[in-house]
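Have a look at the structure below, then the notes.
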Amino acid sequence: MWWDERVSARFRRNLQPTLTYWSVFFSFGLCIAFLGPTLLDLRCQTQSSLSQITWVFFSQQFCLLLGSCLGGVFKRTLSQSLFALFASSLAISLVFAIIPLCHNVVVLAVVMAVAGLAMGCIDTISNMQLVKIYQKDSAIFLQALHFFVGFGALLSPLIADPFLSDTNCILSNSTANASSNLPHIRKSLVPHHPGNLSHYDLPMKGMVVTRVSYAFWIMALINLPVPIAVFFLLYKERMVPCVNSSSHPLLSADELAMETRPVEKDDLTTAQRPRAAGGHDDLFSCCQSKNFRGASYTYFAVHITGALVLFMTDGIVGEYSGFVYSYAVEEPLSVVHKVAGYLPSLFWGFITLGRLISIPVSYRMKPATMVFINVVGVLITFLLLLIFSYSVVFLFVGTASLGLFLSSTFPSMLAYTEDILQYRGCATTVLVTGAGIGEMVLQLLVGSIIHDQGSYSFLVCGMIFGGLAFTFYALLLFFHRMYPKPSAELDEASPDKPAVMDDTGQYQR
């Protein structure tokens, strides 16, 4: 095997929880990518305007960010984490089943807000639980976790595509022009920026003939095994009500046999000492003054610069996937609509491929090195896209390259930052929140700039964001060098030891 026996044995011991967290992240990916291609059919279903239906995007994205911030509330014990994941994954299946019944745009926005909250909780909790289980070995498992996001994001549009309307799904006397441009309108829809589509006359009244309901019911069935898998993990850990309440932690004592030295009882006693820096809490708990006592300025600097790197890189993912089609179909490239429609799929396809490639690579390469390659690659790709801005061929090459370089940035940055902080800070919560804010804010910002300055500003913005990501990463490296090294006593209480168990036998920080 391309990893050593210690990591392999650790994976075997934690096989069920690891596969469960990966499957839950598949739910996340399934839910995050279906809205774009189905939005016009949902507009017909709710008989709303383009500007009204794009608010459904916002309700999902805003509540995803809110769920990411609040996700730490459910991470204090293993039972809370698993029950939150069970409720969130089940909520996603229910949302898929309920969407076809939403015939009012406000009701649809509320349902999508619930989906966003569930996705935010999944994002924070799954990342955090894998870090808790594998800690210094977590990079490879985080890469696999984020591969399942890409896999779900690729699958949901493929499921939806056969059921999308080829012509306007509201029959009226004024549908001819809009129907012929329907594929173009569908690919140009991004959050709060329907672009220059207002001149298309899309009727709001008439007979609704969409078949998109079948796509959502299929996705509900595909996602149903995920909450079942979480329930089985709850059952295995004896956390299901009306079952024997005694439980054992996911990080069992047997796992310690695979560490570099034997575990003595004194180690466990030392590991259970109270720590000055709090564990992984929600964003609001992280901001409490009690967590700041005795912390150096580099402690805050590592959190902030790490979050800013992901603010930029995840923001690039959001704005590039949202606007590359609009950029391609306008001058100077003027790519035909059908060909330009392959660009977002190419981008997400290479993100998924890059995450798959990063699984073995992350075992041989340090997370810090991977992030450096990623941010430099993004910067160089945008520079070449600007130089060859009149080349359609290079736009496709650059889109694939950008997907590869952005693919492993988040899991590598998360593993690197948690390692700097010796797994005692709030890195996961802060980084997930920073990435979510970046994806939402930069998409809105770039949409406004493109509307005012033209399509060329799309690449200029990407170049600026890439440069800022590189700058913030350089600052993170600087603060890493300044960050105090762990003392010998801290090493004894380091997170390489098992997570502390509370009186109920559940691990917590």
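Here are some notes:
- Residue in segment 408-416 that is β-branched (Val, Ile, Thr) and either at pLDDT below 90 or farther than 30 Å from residue 70 by Cβ (or both) present: no
- Restricting 48, 27 to those that are in a loop (DSSP other than H, G, I, E, B), among the hydroxyl-bearing types (Ser, Thr, Tyr) and not assigned by the TED database to the domain that holds residue 362 reduces the list to 48.
- Filter result (assigned to a loop (DSSP other than H, G, I, E, B) and open to solvent by 40 Å² or more (accessible area, probe 1.4 Å)) within segment 96-114: 103, 104
- For the criterion of being at pLDDT 60 or above, aliphatic (A, V, I, L, M) and open to solvent by less than 10 Å² (accessible area, probe 1.4 Å), residue 139 fails.
- Of all the numbered requirements in (1) open to solvent by less than 10 Å² (accessible area, probe 1.4 Å); (2) touching a helix residue (DSSP H, G or I) at 6+ places or on another chain (Cβ under 7 Å); (3) not polar (S, T, N, Q), residue 148 misses one, and that requirement is (1).
- Test set (1) surrounded by fewer than 24 Cβ atoms within 10 Å (Cβ to Cβ); (2) over 23 Å from residue 43 (Cα atoms) - residue 120 fails condition number: (1)
- Note on segment 450-459: residues that are within 16 Å of residue 331 (Cβ to Cβ) and assigned to a helix (DSSP H, G or I) amount to 6.
- First in segment 87-99 and assigned by the TED database to the domain that holds residue 225, second anywhere and open to solvent by 10 Å² or more (accessible area, probe 1.4 Å) and not in a helix (DSSP H, G or I), Cβ under 7 Å, 6 or more apart: 93/224
- Put simply, of 66, 35, 85, 30 the only residue that is open to solvent by 20 Å² or more (accessible area, probe 1.4 Å), within 19 Å of the chain's Cα centre (by Cα) and on the phi < 0 side of the Ramachandran plot is 66.
- Condition met for residue 330 (among the acidic types (Asp, Glu), in contact with a Leu (Cβ under 6 Å, 6 or more places away or on another chain) and at pLDDT 55 or above): no
- Which listed residue, of 437, 450, 420, is open to solvent by less than 10 Å² (accessible area, probe 1.4 Å) and either among the hydroxyl-bearing types (Ser, Thr, Tyr) or in contact with a Phe, Trp or Tyr (Cβ under 7 Å, 6 or more places away or on another chain) (or both): 420
The values are calculated or read from the model by the stated rules, or taken from the named source; none is laboratory data. Here the structure is a predicted model, which means the values were calculated and not measured. All Cβ positions, even for glycine, are placed from backbone atoms using ideal geometry, and neighbour counts span all protein chains on display. For the accessible areas, the whole protein counts, side chains as well, though only heavy atoms, and no ligand, DNA or RNA atoms are used. Shrake-Rupley method; radii C 1.70, N 1.55, O 1.52, S 1.80 Å.
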